[in-house]
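Working notes for the structure below.
The values are calculated or read from the model by the stated rules, or taken from the named source; none is laboratory data. Fair warning: this is a prediction, and the values are worked out from it, not measured in the lab. A quick note on method: Cβ atoms are made from the backbone with ideal geometry, for glycine too, and the neighbour counts reach across all protein chains shown. For the accessible areas, the whole protein counts, side chains as well, though only heavy atoms, and no ligand, DNA or RNA atoms are used. Shrake-Rupley method; radii C 1.70, N 1.55, O 1.52, S 1.80 Å.
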Amino acid sequence: MREVFHQSLEELQSRLAEIADLVTVAIEKATTAFAESDVSLAEEVIADDAKIDELAVMLDEQAIEILARQQPVARDLRIVITALRVSASLERMGDMAEHIAQLARLRFPERAIPKGLKGTFRRMGELDVEISRTLAELLRTQDLRHADAIRNADDDVDELHANVFEKVLSDNWKGEATATVDATLASRYHERFADHAVAVAKKVVYLATGDWAVDEEDIALAAEAQESETPTETEETPES
């Protein structure tokens, strides 16, 4: 029974990585659709979001069943609790990708990105894709260096988000009302996507350390601590 229980926990963690992979595909397609006004790609993202939602619900049901049947404790309990919380964040990340795709579809055949902000949104899209890929690796490996990389990339997204607001609120902004709304919404969706990834990173730090109150500085400290505890390949094994 114990072996079956641990297999269930491993399956739970594997499913999280599977959902993260789907989220990565979604944000890749969504940012491309937004940049290139590709309505067919946008519609793929919108249609495929249901799959992310379905897998998140299935994972939650499995986690609840483990809690009810196995009554896990210590680290096993942290795994189940983390899975429940992470699945919610991943589902929201999928929603953010869908919202970006919906903007692209709404403005088709025109481009949703207002003039003067193409480079900014291109970079925000690249960062979100990078964050999502790193997140999938974090869930597979629980290597907290990935969590720290996500935190750092989120800082860059936040800076770009602030730049968008500064641009549209400046006296030099000549965009129409629809362009202002599109820029504001799109920037917010990109920024929230990255924020949810940071939230997942914090939950993985909780899984590794047992510390529930994790702030962004704690991610870097936890990554450093984990790295110092991991033997390097060049370390010699002690003689018997």
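For the reader, a short list of remarks on this structure follows.
- Using a cutoff of 8 angstrom between alpha carbon atoms and counting only pairs six or more residues apart, the relative contact order for the chain works out to 25 percent.
- Of the complete DSSP H runs in the chain, those spanning 30 angstrom or more by Cα along the long axis with a mean Kyte-Doolittle score not below -1.0 are 2-36, 39-70, 74-107, 118-141, 144-168, 177-209.
- GLU176/GLU126 FRET efficiency (R0 22 Å; Cβ-Cβ; nearest 0.05): 0.25
- Solvent-accessible area per residue for the chain (1.4 angstrom probe, square angstrom): 53 Å²
- Of the peptides 199-210, 4-15, the ranking by mean beta-carbon count within 10 Å, highest at the top, reads 199-210, 4-15.
- Gain on full stretching of the segment that runs from ARG75 to SER228 - 0.36 nm per residue minus C-alpha separation: 53.0 nm
- Translational D in µm²/s for the chain (Stokes-Einstein at 37 °C, 0.692 mPa s, Kirkwood Rh from C-alpha pairs): 172 µm²/s
- Intensity falloff of the stretch 3-135 expressed as log10 I(q)/I(0), Debye formula with alpha-carbon point scatterers, at q = 0.10, 0.15, 0.19 Å⁻¹: -0.39, -0.71, -0.95
- Residue-averaged 222 nm ellipticity for the chain, from DSSP H runs of 4+ at -39500 (n - 2.57), nearest 500: -29500 deg cm²/dmol
- Extension gain, ALA213-ASN163: 0.36 nm per intervening residue step, less the Cα-Cα distance, totals 15.0 nm.
- Only protein atoms count toward the accessible area here, which uses a 1.4 Å probe; on the chain, the carbon and sulfur part of that area reaches 49 percent.
- GLN7 paired with ASP155, simple spin-label distance in nm, labels 7 Å along Cα-to-beta-carbon: 4.5 nm
- Across GLU176, GLU137, GLU44, mean-square fluctuation computed from a Gaussian network of the chain (C-alpha pairs under 10 Å connected) peaks at GLU176.
- Rg/Rh ratio calculated on Cα atoms of the stretch 6-56 (Kirkwood radius): 1.14
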